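This report refers to the structure that appears directly beneath it.
The values are calculated or read from the model by the stated rules, or taken from the named source; none is laboratory data. Nothing here was measured: the structure is a model prediction, and the numbers come from that model. So basically every Cβ, Gly included, is an ideal-geometry build from the backbone, and we count neighbours across all protein chains shown.
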Amino acid sequence: MKQIRFGEVAEFRNGLNFGKDSQGKGCLLIGIPDFKDRFSPDYNSLGEINPLGIIKEDDYLEKEDILFVRSNGNKNLVGRSLYIDRDVKAVYSGFCIRARLTSSIVDTLYCAYYTRSDRFRSSISSSGGTNIQNLNQGILSDVKIPLFSVKTQKQIAKVLSDLDAKIEVNNKINAELEAMAKLIYDYWFVQFDFPFDFAQGKPDPKGKPYKSSGGKMVYNKELKREIPEGWEVKTIGDYCKSTGGYAFKSSWWSTEGSAVVKIKDIQEDYTIDLTDISHADLTGKDIDAKFISKPGDVLIAMTGATVGKYAIVPVSKRPLYVNQRVGYFDLGNNPTSRLPFLINSLNQKYFREVVFTLASGAAQPNISNEQINNIKLVLPNDHLIEIYNYKMKSFYDKILNNQNENQKLSYLRDWLLPMLMNGQVTVANEELGITNAELGNDLGMIAEETQEYKYTK
């Protein structure tokens, strides 16, 4: 197969280091935390800087640029890439390298996908050493890129981007479902306009909004504000208690074995990143099943700079153990039937503020399960919570299903990527031809809905 050096078709430029003088707004900034396992940046979550007097025209990113992690203490992050898929006023930090293609013989989207392949990572490791923690322009320049016809490159890129597009659609659906669930929670439990049947004197899905329809409010001395009559000041622990994870011994950590969720895996978008999950060898170990989380349960970070961040446990084909310093809300045998009220209670600004206050004052922010469980919550009777959970359960079932489908789509994409790049799988036409036997029934069904390939053994 014909190959070409990356440096023959691209030019490279290191990022800039920014100090306190750059604080402000006006220009988006991409740094190492923005890479994660994303193909393109989450532009809405990027930080900003003031570009005046610091940034030159050549420093700005352009559509179809490719960014790489240049240097990091975690060698697994070095070489990770991001594809700039839109016109945006943004720059990148000094720990990154930008690649900008200068030749039309390589399709930019195809090239971006190739940089995410194991073959690419092996190339930079062999050039820079097996324990590479720094990537430079020379190493990138020497990487060999498989050179198909431009038509074939575009076909390969389309196959992979179609899968990523479906993943993104699922993510947007999930975001909308979460937003709707939060909106209803705010109406019912913050503004106190929950549906109420005044004739029968009880909550009812077909009732009128309580507070705005004249529902009786009473002053609460503890909260120093009015709450609906009959509501009480209780705690999160009264609804569901948080318990700690298991203290795995350092000698048990391994490259293989049982998956263990650590604080680093809990993301700010309420998801758990399984791409770099830790493993423990539990052979011959008797670990209580209570330390295995279930899909729909909730985990919360109890230590570190991101203390208080939480996430819903996703569907996984393997058990997910909970590590120490990760709080675990066990929601029972049918988690999504109780999840909506809990997750939206945790999503309140008040909750994070209380957590930060409780965790501050030490060199390492830290909060205990007891402190989490004692955070105050205004609770109605169980009937209203049951109504809310019942209405929202389908939302969170759909969210978990979409997350599960995204895992399968990601697996399919990652399986196809090297196969397409080395010619073992070729794009045949607009119909898909990978068999269920080759991919497994679940992946086969997904594949049949996308494109068609020929598999060459």
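The table that follows gives values for the structure above.
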| quantity | calculated |
| --- | --- |
| Selected residue (only one of 193, 238 is surrounded by 12 or more Cβ atoms within 10 Å (Cβ to Cβ), of a type outside the set (Gly, Ala, Ser), under 17 Å from residue 389 (Cβ atoms) and out of contact with any His (no Cβ under 9 Å at 6 or more places or on another chain)) | 238 |
| Complete set of residues in region 165-204 that are of a type in the set (Phe, Trp, Tyr) and free of Cβ contacts under 8 Å to residues at least 24 places away in the same chain | 187, 196, 198 |
| Residue 326, sole failed condition from (1) over 26 Å from residue 394 (Cα atoms); (2) among the β-branched types (Val, Ile, Thr); (3) free of Cβ contacts under 8 Å to residues at least 40 places away in the same chain | (3) |
| Matching residues in region 239-259 - criterion: being without any contact (Cβ under 8 Å) to a residue 60 or more places away in the chain and not in a loop (DSSP other than H, G, I, E, B) | 250, 251, 252, 253, 254 |
| Residue under evaluation residue 358, criteria (1) buried (at least 18 other Cβ atoms within 10 Å of the Cβ); (2) touching a residue at least 40 places away in the same chain (Cβ under 8 Å), criterion not met | (2) |
| Subset of region 72-112 [of a type in the set (Ser, Thr, Tyr) and either touching a His at 6+ places or on another chain (Cβ under 6 Å) or crowded, with 17+ Cβ neighbours inside 10 Å (or both)] | 81, 83, 92, 93, 108, 110 |
| Residue among 343, 375 that alone is in contact (Cβ under 8 Å) with a residue 40 or more places away in the chain, surrounded by fewer than 22 Cβ atoms within 10 Å (Cβ to Cβ), among the aliphatic types (A, V, I, L, M) and within 23 Å of residue 232 (Cα to Cα) | 375 |
| Selected residue (criterion: farthest from residue 152 (Cα to Cα)) from residues of region 1-20 that are polar (S, T, N, Q) and under 28 Å from the mean Cα position of the chain (by Cα) | 17 |
| Single unsatisfied condition, residue 26 versus (1) on the phi < 0 side of the Ramachandran plot; (2) surrounded by fewer than 18 Cβ atoms within 10 Å (Cβ to Cβ) | (1) |
| The one condition in (1) aliphatic (A, V, I, L, M); (2) part of a loop (DSSP other than H, G, I, E, B); (3) under 35 Å from the mean Cα position of the chain (by Cα) that residue 199 fails to fulfil | (3) |
| Residue among 263, 300, 312, 287 that alone is surrounded by fewer than 20 Cβ atoms within 10 Å (Cβ to Cβ), among the aliphatic types (A, V, I, L, M) and modelled with pLDDT of 90 or more | 287 |
| Some residue of region 346-355 being over 30 Å from residue 156 (Cα atoms) and not in a helix (DSSP H, G or I) | yes |
| Counted residues, region 205-226 - those being in contact with a Pro (Cβ under 9 Å, 6 or more places away or on another chain) and either in contact (Cβ under 8 Å) with a residue 60 or more places away in the chain or within 20 Å of residue 387 (Cα to Cα) (or both) | 8 |
| Residue within region 333-340 that is assigned to a loop (DSSP other than H, G, I, E, B) and modelled with pLDDT of 95 or more present | yes |
| Residues (assigned to a loop (DSSP other than H, G, I, E, B) and among the aliphatic types (A, V, I, L, M)) located in region 268-296 | 274, 277, 282, 287 |
| Only listed residue being within 30 Å of residue 281 (Cβ to Cβ) and surrounded by 12 or more Cβ atoms within 10 Å (Cβ to Cβ), chosen from 215, 207, 244 | 244 |
| Subset of region 212-238 that is assigned to a helix (DSSP H, G or I) and over 17 Å from residue 186 (Cβ atoms) - its residue that is nearest to the chain's Cα centre (by Cα) | 236 |
| Wholly within region 83-154, helices (runs of 4 or more DSSP H) carrying at least 1 residues that are at pLDDT below 95 and among the β-branched types (Val, Ile, Thr) | 118-128, 137-142 |
| Selection status of residue 233, touching a residue at least 12 places away in the same chain (Cβ under 8 Å) and touching a Ser or Thr at 6+ places or on another chain (Cβ under 8 Å) | no |
| Matching option when the condition is in the same structural domain as residue 12 (by TED's automatic domain parsing), within 21 Å of residue 3 (Cβ to Cβ) and among the aliphatic types (A, V, I, L, M), among 160, 77, 135 | 135 |
| Looking only at region 21-48, and only at residues there that are of a type in the set (Gly, Ala, Ser) and within 14 Å of the chain's Cα centre (by Cα), the one that is farthest from residue 306 (Cα to Cα) | 40 |
| Condition check for residue 276: of a type in the set (Asp, Glu), surrounded by fewer than 16 Cβ atoms within 10 Å (Cβ to Cβ) and in contact (Cβ under 8 Å) with a residue 40 or more places away in the chain | yes |
